[in-house]
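J.: Following this message is one structure expressed as structure tokens.
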Amino acid sequence: MSKTVWMDGRLVPMEQAAVSVFDHGLLYGDGVFEGLRQYNGRVFRMADHLKRLYNSAKAIRLEIPLSQHDMGEAVAATLQANKLTDSYIRLLVTRGIGALGISPATCSKPSIFIIADSIKMYSEETYRNGMAIITASTPRIAAAALSPKIKSLNYLNNIMAKWEAIDAGVPEAVMLNPMGFICECTADNIFIVRDGHLLTPAEESGILLGITREVVLELAVAAGIPTRQSNLTRYDLYTADECFLTGTGAEVVPVTSVDKRMIGDGKVGPITRQLTSTFHHYARNIGNTAAHSAIAAREKLPTGG
Ligand code: PXG
């Protein structure tokens, strides 16, 4: 079935959803994006995703020509047009069409695109048995160069790290910051468990502040699991009792080996198991109520069924 894409206020068939070769999003990666999930007709943590999108845009001096409220409506309209109740949503804002030089000043109006599609997750087997990952030699971009908090259309570092994962025959690669501390994987945050404590790289390590990461930290606190955000090294990963990744697409996915070092006993550990299942349930039920998704509720998103 042909998908419908929201483009600058119009719902168009995917075949016609094309951008100009003069769009600076294409020419220079000048733009920002978000990836959201819809569960049972409701968008998970939409307010948080929109806030991050508008902050990313503000940081690069990109003025989104739509209020956050209207952006929520546009997302709802896209989901409705595609008759979706469980989906992955990609929201992009580009600098728009301009002259061939890099100057953003030549671009008169940013463009907004909303794409909704089915979700590609890891296999059942991976959630049950975990996966092997590597550390990449490509570093995460330095916070001093471009804040990793900005979800920009510049993902080349991450893509180079993804090549390393592909070459190593594993699904993901951990990126380190220029100091050698652990940051995150190419599109997921990373956690370890050590002596019953849940540890994850801190904001200061230079990471994207993942929304799934935040929810997992909240769920851990609620479950009485002590949490700490700090600098972590490869040694900490190699000697961890448990390890997992978090992301909008992946949710919580267990890691059982890093750079050929077995994590713990090589099986998915109890805290990982607990958080995987707690998150899974929370996203589909409790965490997806009007209170946690105020904008989604206001926009009367399709109720599913
Ligand atoms: N780090 C980076 C560099 C990312 O791009 C995350 C962490 C996780 O953040 P969230 O907010 O999604 O928990 C991302 C987000 C996918 C997918 O298909 C990945 C992202 C966004 C949407 C979907 O796994 N990247």
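J.: Of LEU146, LEU219, ILE112, which is farthest along the charge dipole of the chain in the positive direction, counting Lys and Arg as +1 and Asp and Glu as -1 at C-beta?
T.: Toward the positive end, the furthest listed residue is ILE112.
J.: Sticking with this structure for a sec: Mind pulling the angle between the C-alpha long axis of helix 211-222 and the longest principal axis of the chain? Nearest 10 degrees, somewhere in 0 to 90.
T.: For helix 211-222, the angle is close to 50 degrees.
J.: What does the accessible area per residue of segment 4-119 come to in Å², with a 1.4 Å probe and no ligands, DNA or RNA counted? List each step's numbers first, then the result.
T.: Values: 5300 Å² over 116 residues.
Accessible area per residue: 46 Å².
J.: Next question, about the same structure. Going by Cα centres, segment 72-135 and segment 150-200 are how many Å apart?
T.: Spelled out, the Cα-based centre of one part sits 20 Å from the other.
J.: What's the carbon and sulfur percent of the chain's accessible surface, probe 1.4 angstrom, rounded to a whole number?
T.: Looking at the chain in its full context, I get 56 percent from C and S.
J.: Amide H to amide H under 5 Å from LEU198: which residues, 5+ apart in sequence or cross-chain, H placed 1.01 Å off N in plane?
T.: Long-range HN contacts for LEU198: THR227, ARG228.
J.: For the chain, take the longest principal axis of its alpha carbons; what is the angle in degrees between that and the long axis of helix 46-59, to the nearest 10 within 0 to 90?
T.: Long axis of 46-59 versus the principal axis of the chain: about 70 degrees.
J.: Right, next: Calculate the dipole size of the chain relative to its Cα centre from +1 charges on Lys and Arg beta carbons and -1 charges on Asp and Glu beta carbons; express the result in debye to the nearest 20.
T.: Taking the Cα centre of the chain as origin, the dipole is about 440 debye.
J.: What is the distance in Å between the Cα centroid of segment 1-34 and that of segment 235-249?
T.: Rounded to whole Å, the Cα centres lie 35 Å apart.
J.: On to the next question. Could you give me the ³J(HN,Hα) list for segment 110-122, computed from phi with Karplus coefficients 6.51, -1.76, 1.60 and θ = phi - 60°, whole Hz, x at Gly and Pro?
T.: Karplus-based 3J(HN,Hα) across segment 110-122 equals x, 9, 10, 10, 10, 10, 10, 8, 6, 9, 10, 10, 6 Hz.
J.: Apply the Karplus curve 6.51 cos²θ - 1.76 cosθ + 1.60, θ = phi - 60°, to the phi angles in segment 84-93 and return the couplings in whole Hz, x for Gly and Pro.
T.: Values, residue by residue: 9, 10, 9, 7, 10, 10, 10, 10, 10, 10 Hz.
J.: Below 8 Å, C-alpha to C-alpha, sequence gap of six or more: please give me the relative contact order for the chain in percent. If you can, show how the numbers build up before the last one.
T.: Details: 631 pairs, mean separation 64.5, N = 305.
For the chain, the relative contact order is 21 percent.
J.: Would you please classify the overall shape of segment 105-224 from the alpha carbon gyration tensor, given that a ≥ b ≥ c denote the square roots of the eigenvalues, rounded means a/c under 1.5, and beyond that prolate means a/b larger than b/c while oblate covers the rest?
T.: Numbers: a/c = 1.39, a/b = 1.37, b/c = 1.01.
Rounded, since a/c falls under 1.5.
J.: Here is a follow-up. Longest span of the chain, sites excluded, free of trypsin sites (Lys or Arg not before Pro) in DSSP loop with at most 13 other C-beta atoms within 10 Å? Numbers along the way, then the final one.
T.: Numbers: sites that count: ARG61, LYS83, LYS120, LYS260, LYS300.
Result for the longest clean stretch: 121-259.
J.: Turning to a different aspect of this structure: Averaged per residue, what accessible surface does segment 124-286 expose to a 1.4 Å probe, in Å²? Numbers along the way, then the final one.
T.: Values: 7120 Å² over 163 residues.
Per-residue value: 44 Å².
J.: Take a quick pass over the chain and tell me how many lysine pairs come in under 13 angstrom between Cα atoms, counting only ones 8 or more apart or on separate chains.
T.: On the way: LYS3/LYS83; LYS51/LYS149; LYS51/LYS151; LYS58/LYS149; LYS58/LYS151.
Qualifying lysine pairs in the chain: 5.
J.: Same structure, new question: Give the residue list of GluC sites (Glu not before Pro) in segment 20-91 that are DSSP loop and have at most 11 other beta-carbon atoms within 10 angstrom.
T.: GLU63
J.: Moving on. By how many degrees, 0 to 90 and rounded to 10, does the Cα axis of helix 68-81 deviate from the longest principal axis of the chain?
T.: The angle comes out at about 90 degrees.
J.: Right, another one. Taking amide H positions as placed 1.01 Å from N in the peptide plane, with prolines and chain starts having none, which residues 5 or more places from THR248, or on another chain, fall under 5 Å of its amide H?
T.: Answer set, sorted by chain and number: THR212.
J.: Provide the FRET efficiency to the nearest 0.05 for the VAL221-LYS149 pair, computing r from the beta carbons and using R0 = 30 Å.
T.: Working: r = 22 Å, r/R0 = 0.73.
Taking R0 as 30 Å, the efficiency between VAL221 and LYS149 is 0.85.
J.: With a cut-off of 8 Å between alpha carbons and a minimum separation of six or more residues, what is the relative contact order of segment 1-114 in percent? Let's see the in-between values first.
T.: Numbers: 180 pairs, mean separation 42.2, N = 114.
The normalised contact order for segment 1-114 reaches 37 percent.
The values are calculated or read from the model by the stated rules, or taken from the named source; none is laboratory data. No experiment lies behind these values; they were computed from the predicted model shown. Because the Cβ atoms are built from the backbone with ideal geometry, glycine has one as well, and the counts that use them run over all protein chains shown. Each accessible area value is taken on the protein alone, full model and side chains, heavy atoms only, with ligands, DNA and RNA left out. Shrake-Rupley method; radii C 1.70, N 1.55, O 1.52, S 1.80 Å.
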